[in-house]
Structure formats: structure tokens, C-alpha cells
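What follows is a single structure, written as C-alpha cells, with notes after it.
The values are calculated or read from the model by the stated rules, or taken from the named source; none is laboratory data. Just so we're clear, the structure is a prediction, and the values are computed from it rather than from any experiment. Virtual Cβ from ideal backbone geometry, glycine too; neighbours counted across all protein chains shown.
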Amino acid sequence: MAAVVAVTLCAQIAEGYAWYAFGNYNMATTQLRVTNMASSLAVISSVMLVSSRLRSAAQRLKPLVRLGDLSFGVYLCHMALGTVEAKLLSTVGVSGIAPSLAMWAAVVVLSSAAVALCRRVLPKRLQRLIGFA
């Protein structure tokens, strides 16, 4: 199953670069790609096949639990932060796979930090309204 996840993620990356090469890479196309659904289903299937012993060990890893708690908020704001980061990188003329991977990691970290900050600062009612609670 790990091979299926790896293949679908590679296909997702390749399809993203193809959309980008044809000049039609925006928020809408990132959500419409067929490989997004395939890789999501592969990851979900893999998690479901993991033994309960391994699953309980993963649940004790604080960073994974914290990211899971923030995941919906991260989903809601990651595209905005990714767009800003991409504009900044293109402004300074940085491109390639390594900067793209660094940008992906930065988007996850910054989105998680933004959601965590909003959860501390905003009232619960507003958090629920915007999907961060």
C-alpha cells in the first residue's frame, strides 16, 4: 500500500507541474485534479490498514496529534499562504523542486501556526464560524 501512496503522490506532483507548465495553475485547478482524489483515497486506505498497535503509537506523538487537531483550519487557509509564498518566490526569481518542497513545508508550518494563533486569540464563537474550532 505504501507503493500505491508513493505512486499517487508522484502522479499528483507531476500533474501539478503539468498544470503549471500550461499556465493554468490556480486554486480551482488544484482542487479539481484527479490525482488529488486518488492520493487521498490511497492515504486513507493505508491508515485504515495500519495495525491498531501502530495506530495507538502514532496517537502518542504530540506533533501528529496537534496537526490533526489543526488540520481543518490548515486546509482552510493553506492555499492563501501558498499563493503568497509562491508570489514571493517568483518575485525574487526562485524556482525548482527544492524550493517547492521548502515552500510546501513552510505552508504547513505557517498554516498550523496561523490556526493555532487564531485558536488562542479569537473567541470560540468566531472560531466555530470560520471553521477553526
### Query
In region 105-133, how many are within 17 Å of Ala80 (Cβ to Cβ), assigned to a helix (DSSP H, G or I) and touching a helix residue (DSSP H, G or I) at 6+ places or on another chain (Cβ under 8 Å)?
11
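Yes/no per residue for (1) surrounded by 14 or more Cβ atoms within 10 Å (Cβ to Cβ); (2) of a type in the set (Val, Ile, Thr); (3) without any contact (Cβ under 8 Å) to a residue 24 or more places away in the chain:
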{"residue": "Ala42", "(1), (2), (3)": "yes, no, no"}
{"residue": "Ser46", "(1), (2), (3)": "no, no, no"}
{"residue": "Phe72", "(1), (2), (3)": "no, no, no"}
{"residue": "Cys77", "(1), (2), (3)": "yes, no, no"}
{"residue": "Ala80", "(1), (2), (3)": "no, no, yes"}
{"residue": "Ala86", "(1), (2), (3)": "yes, no, yes"}
{"residue": "Ser95", "(1), (2), (3)": "no, no, yes"}
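Within region 23-38, can one find any residue that is among the small types (Gly, Ala, Ser) and modelled with pLDDT of 80 or more? Working first, answer last.
Step one: filter region 23-38 for residues among the small types (Gly, Ala, Ser), giving 23, 28, 38.
When the remaining residues are screened for being modelled with pLDDT of 80 or more, the result is 38.
There is at least one residue in region 23-38 that is among the small types (Gly, Ala, Ser) and modelled with pLDDT of 80 or more.
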## Note on the structure
Flagged in region 117-130 as closer than 13 Å to Leu76 by Cα and either surrounded by 15 or more Cβ atoms within 10 Å (Cβ to Cβ) or in contact with a His (Cβ under 6 Å, 6 or more places away or on another chain) (or both), in numbering order, are Cys118, Gln127
